[in-house]
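The values are calculated or read from the model by the stated rules, or taken from the named source; none is laboratory data. This is a predicted model, so every value here is computed, not measured. Backbone-built Cβ (ideal geometry, glycine too); neighbour counts: all protein chains shown.
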Amino acid sequence: MQWAEVNGKQMLLVGGKINRFIPNPTFDRLSAPGSLEQYFRGRNPKGDSVKDLFGDLEPCDPSYRDRDIRVKVMSDMHIDGALFFPTLAVGMENALHDDLPAAQAAFRAFNRWLDEDWGFAYKETIFATPVMVLGDIDNAVSQLEWALDRDARCVLVGTGPVRTTEGLKSPADPRFDPFWARVQEAGVTVVYHGGANAYYDLITMWGEKSEMEAHKFEPLRQALSHDAVADTFAALILHGLMDRFPRIRFATVETGANWVRPLLKRMKKIYSQAPSMFANNPVEQFKQNVWVSPFYEDELDQLRDVMGADRLMLGSDWPHTEGLADPFTFIGDLTDAGFTEAEQQLIMHDNCASLVVRRPG
C-alpha cells in the first residue's frame with residue numbers, strides 16, 4: 001500500500017492499482033454526520049444526486065481522529081461506550097486477494113496502529129476492533145493472541161469465503177478450528193461488518209466492474225440478491241462451527257438486518273426436511289449465538305417477530321453520512337416499530353455492553 005498523486009489528488013495504491021473503495025482516503029474534508037439519512041430511508045423527493053446530498057464538505061473534525069476528544073464528545077451525547085470499526089480497512093483485504101502475505105502484513109501494521117491510536121478498550125468507552133485475516137491459520141492465531149494480550153474485547157473478521165493459498169474456503173472449514181477454539185476459550189466476540197469481499201467479484205458476471213466505490217449509485221449491484229453476511233452465517237452454522245464451538249458470540253454491524261428473516265426461513269425449511277442430519281436446530285443456533293445491528297431504515301417490526309430484543313443492538317454509524325446525526329433518534333424508530341421501553345433499553349445499551357465483556361468458555 002502506498003500513496004500517489006493522481007490528477008492533483010492524493011490517492012491510495014493497493015497492489016499497484018488505484019483503490020477507489022473510499023473516494024477520498026485522506027478524509028481531510030467530509031460531509032456532515034447523517035447527511036444521507038433521508039436518502040437511505042428512501043426519501044429523495046427532489047431527485048438530487050448523492051454528490052448534492054452530501055452538501056458542503058467540512059474539515060475533518062478532531063473528534064474523528066483523537067480518542068480523548070472523542071470520549072468527551074461521546075459523554076456529551078450520553079454514550080457510555082461504542083464499538084469502533086475501520087472505515088477504509090474493510091475494503092483492503094479483498095483488494096489484496098491475490099497476495100495473502102501482503103494482506104497479512106498490512107493488517108498486522110494496521111492493528112498496531114489501531115492499538116496505539118485508539119486502544120482496544122480505551123477507558124472502557126472506546127472498543128476498537130482489530131482485524132483478523134484468516135487465510136493463514138498460524139498468522140491468524142498469532143494476531144488473535146497479540147490482540148488478546150492488549151485487552152481486545154471484539155475482533156473483526158471479513159464476510160464471505162476465506163481466501164487461502166489453496167483457494168476459497170468456508171470459514172467453518174476445520175483448518176480454521178485453532179482460531180475459533182481460542183476465540184471461544186478467550187470469550188471475545190467475533191464481529192462482521194460491511195465492506196468489500198469475494199462476493200464483489202460476482203458482479204463481473206453481469207457486465208459490471210468489480211471495484212466498489214462507497215456511496216456510488218450502482219442500481220444493479222444494489223438489486224442483486226447475493227448477500228455475503230447471510231451466506232457467511234449459513235456456512236458457519238451448516239458446516240458445524242456452532243456445534244463444535246457453541247459458546248462463541250457473533251455480531252453483525254453495518255450489514256443491515258433484512259437478510260435475517262429470509263435466511264432463517266431457508267434454514268427452517270432445510271431443518272424440517274432432514275432433522276436427523278443436524279446435531280442442533282440451526283435456527284435456534286442463530287438466535288442464540290448471533291447479535292444483529294439493523295439499519296434504521298430496515299423493517300424493524302418484522303425483525304422483532306423473528307429475533308428477540310435481547311439479540312438486537314443500535315448501530316449509529318456516527319459520524320458517517322449514512323449514519324445518524326444523533327444516535328438517540330433511533331429510539332423513535334424502535335417506538336414506531338412497537339418495541340417496549342424495556343426492549344429499547346436492551347437494544348440501545350445493554351446488549352452491546354454485554355458483548356465487550358469477555359466470557360471465557
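Which condition number in (1) within 30 Å of PRO294 (Cβ to Cβ); (2) under 23 Å from the mean Cα position of the chain (by Cα) is the one that ARG112 fails?
Going through (1) within 30 Å of PRO294 (Cβ to Cβ); (2) under 23 Å from the mean Cα position of the chain (by Cα) one by one, ARG112 breaks only (1).
Across the stretch 52-80, which residue is surrounded by the fewest Cβ atoms within 10 Å (Cβ to Cβ) among those that are within 17 Å of SER31 (Cα to Cα) and in contact with a strand residue (DSSP E or B) (Cβ under 7 Å, 6 or more places away or on another chain)?
At the first step, the residues of the stretch 52-80 found to be within 17 Å of SER31 (Cα to Cα) are 52-65.
Okay, now just the ones that are also in contact with a strand residue (DSSP E or B) (Cβ under 7 Å, 6 or more places away or on another chain), so 57-60.
Numbers: LEU57: 13, GLU58: 10, PRO59: 8, CYS60: 14.
Among residues in the stretch 52-80 that are within 17 Å of SER31 (Cα to Cα) and in contact with a strand residue (DSSP E or B) (Cβ under 7 Å, 6 or more places away or on another chain), the one surrounded by the fewest Cβ atoms within 10 Å (Cβ to Cβ) is PRO59.
If I ask for residues that are in a loop (DSSP other than H, G, I, E, B) and farther than 20 Å from ARG358 by Cβ, which ones from the stretch 179-199 would you list? Break it down into steps so the answer makes sense when it comes.
So in the stretch 179-199, the residues in a loop (DSSP other than H, G, I, E, B) come out as 187-188, 194-197.
Listed by number, the residues that qualify are GLY194, GLY195, ALA196, ASN197.
When you go through ILE69, ILE18, ILE79 one by one, which is the residue that is free of Cβ contacts under 8 Å to residues at least 40 places away in the same chain and either in contact with a Pro (Cβ under 7 Å, 6 or more places away or on another chain) or under 26 Å from CYS352 (Cβ atoms) (or both)?
Values: ILE18 fails: either in contact with a Pro (Cβ under 7 Å, 6 or more places away or on another chain) or under 26 Å from CYS352 (Cβ atoms) (or both); ILE79 fails: free of Cβ contacts under 8 Å to residues at least 40 places away in the same chain.
Sole residue among the options that is free of Cβ contacts under 8 Å to residues at least 40 places away in the same chain and either in contact with a Pro (Cβ under 7 Å, 6 or more places away or on another chain) or under 26 Å from CYS352 (Cβ atoms) (or both): ILE69.
Kindly evaluate ALA196 against the criterion of being crowded, with 18+ Cβ neighbours inside 10 Å, modelled with pLDDT under 95 and among the small types (Gly, Ala, Ser). Spell out the reasoning first.
Details: crowded, with 18+ Cβ neighbours inside 10 Å: yes; modelled with pLDDT under 95: yes; among the small types (Gly, Ala, Ser): yes.
Taking the combined requirement at face value, the residue satisfies it.
Considering only the stretch 290-335, state which residues are of a type in the set (S, T, N, Q) and over 19 Å from the mean Cα position of the chain (by Cα). Before you say what the answer is, go through the steps one by one.
Narrowing the stretch 290-335 to residues of a type in the set (S, T, N, Q): 293, 302, 316, 321, 329, 335.
Those that are of a type in the set (S, T, N, Q) and over 19 Å from the mean Cα position of the chain (by Cα): GLN302, THR329, THR335.
Please state which one of SER49, SER31 is surrounded by 18 or more Cβ atoms within 10 Å (Cβ to Cβ) and among the hydroxyl-bearing types (Ser, Thr, Tyr). Outline the logic, then answer.
Details: SER49 fails: surrounded by 18 or more Cβ atoms within 10 Å (Cβ to Cβ).
Selected residue: SER31, the only one of SER49, SER31 that is surrounded by 18 or more Cβ atoms within 10 Å (Cβ to Cβ) and among the hydroxyl-bearing types (Ser, Thr, Tyr).
Among the residues of the stretch 313-327 satisfying the criterion of being under 30 Å from PRO246 (Cβ atoms) and touching a residue at least 40 places away in the same chain (Cβ under 8 Å), which is surrounded by the fewest Cβ atoms within 10 Å (Cβ to Cβ)? Show your work before the answer.
The initial filter retains those residues of the stretch 313-327 that are under 30 Å from PRO246 (Cβ atoms), namely 313-315.
Next, only the ones that are touching a residue at least 40 places away in the same chain (Cβ under 8 Å) stay: 313, 315.
Values: MET313: 24, GLY315: 27.
Checking each candidate, the answer is MET313.
Filter the stretch 82-132 down to the residues that are in contact with a strand residue (DSSP E or B) (Cβ under 8 Å, 6 or more places away or on another chain) and of a type in the set (Val, Ile, Thr), then identify the one that is farthest from SER354 (Cα to Cα).
My answer is VAL90.
Scanning the stretch 140-178 for residues that are in a loop (DSSP other than H, G, I, E, B) and of a type in the set (D, E, K, R), which turns out farthest from the chain's Cα centre (by Cα)? Steps first, please.
First pass over the stretch 140-178, keeping only residues in a loop (DSSP other than H, G, I, E, B): 150-153, 158-161, 165-166, 170-173.
Now restrict to residues that are of a type in the set (D, E, K, R): 150-151, 153, 166, 173.
Details: ARG150: 21, ASP151: 20, ARG153: 15, GLU166: 26, ASP173: 21 Å.
The qualifying residue farthest from the chain's Cα centre (by Cα) is GLU166.
Among VAL133, VAL90, which is the only one that is under 20 Å from the mean Cα position of the chain (by Cα), crowded, with 19+ Cβ neighbours inside 10 Å and over 29 Å from HIS349 (Cβ atoms)?
Values: VAL90 fails: over 29 Å from HIS349 (Cβ atoms).
Testing whether each residue is under 20 Å from the mean Cα position of the chain (by Cα), crowded, with 19+ Cβ neighbours inside 10 Å and over 29 Å from HIS349 (Cβ atoms) leaves just VAL133.
Of the numbered conditions (1) under 19 Å from PHE21 (Cα atoms); (2) part of a helix (DSSP H, G or I), ASP98 satisfies every one except a single condition; which is it?
(2)
Among the aromatic types (Phe, Trp, Tyr) and closer than 19 Å to SER35 by Cα - does that describe any residue in the stretch 311-319?
Going residue by residue through the stretch 311-319, those that are among the aromatic types (Phe, Trp, Tyr) are 318.
Still in the running and closer than 19 Å to SER35 by Cα: 318.
Yes, the stretch 311-319 has at least one match.
Look through PHE330, PHE339 and report the one residue that is aromatic (Phe, Trp, Tyr), farther than 18 Å from GLU254 by Cα and touching a residue at least 24 places away in the same chain (Cβ under 8 Å). Steps first, answer last, please.
Values: PHE330 fails: farther than 18 Å from GLU254 by Cα.
The conditions single out PHE339.
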